[in-house]
1. With a cut-off of at least 3 residues that are loosely packed, with under 13 Cβ neighbours inside 10 Å and without any contact (Cβ under 8 Å) to a residue 60 or more places away in the chain, name the strands (runs of 3 or more DSSP E) lying wholly within region 36-100.
2. For region 77-100, name all the residues that are closer than 12 Å to MET1 by Cα and out of contact with any Gly (no Cβ under 8 Å at 6 or more places or on another chain).
3. Counting only residues that are touching a strand residue (DSSP E or B) at 6+ places or on another chain (Cβ under 9 Å), of a type outside the set (S, T, N, Q) and loosely packed, with under 12 Cβ neighbours inside 10 Å, how many does region 11-23 have?
4. The conditions are (1) at pLDDT below 95; (2) under 13 Å from the mean Cα position of the chain (by Cα), and THR23 fails exactly one of them. Which is it?
5. Considering only region 6-35, state which residues are assigned to a strand (DSSP E or B) and farther than 14 Å from LYS91 by Cα.
6. Criterion first (at pLDDT below 95 and charged (D, E, K, R)) does GLU53 satisfy it?
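The values are calculated or read from the model by the stated rules, or taken from the named source; none is laboratory data. Just so you know, these numbers come straight off a predicted model, no measurement behind them. Note that each Cβ is placed from the backbone with ideal geometry, even for glycine, and that neighbours are counted across all protein chains shown.
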Amino acid sequence: MIAYKLVRKLKDGNLTSLFINKTERIPIGIWLEAKNYPTKGYKIRPFWHCTSEMKAPHLSHKNRVWVKVELDGVIELERSAYQGGTWLLAKKMKVLHEIN
C-alpha cells in the first residue's frame, strides 16, 4: 500500500520521526519493522504512523518534509479531519522518496 509520512529533515539531510524514537535515522529504500518505544504523553502503538493523503493540519511543517512510503501490515484508524483523517498504522514501512 502506498501512503505518506511527515518526517523531520535534519540539516545534514537525514530523516527522523517527529515524536517517537526521533534520534534514529530513517533510511530510504529499506524495509523497516515497527518497534515499540513507550514515550510519555503518547499512546502505545507499535506501528509506523502514516496517512493516505499529505494532510496533517495539526502539525507544524517547519523543518519537516513529506515522504512517499510503501506499507505492509496496515490497520486503519479514523481520526478527525483536523488530524488528517484516516491514519494508516503499519507493521512495516519503506520510504520510497522525499516529496518536494
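1. Details: elements: 48-51, 64-78, 86-99.
Filter on region 36-100 gives 64-78.
2. Within region 77-100, LEU88, LEU89, MET93 qualify.
3. Looking only at that region, the number is 0.
4. In the conditions (1) at pLDDT below 95; (2) under 13 Å from the mean Cα position of the chain (by Cα), THR23 misses (2) alone.
5. Matches in region 6-35: LEU6, VAL7, ARG8, LYS9, LEU15, THR16, ARG25, ILE28.
6. Numbers: at pLDDT below 95: yes; charged (D, E, K, R): yes.
So GLU53 fits the description; yes.
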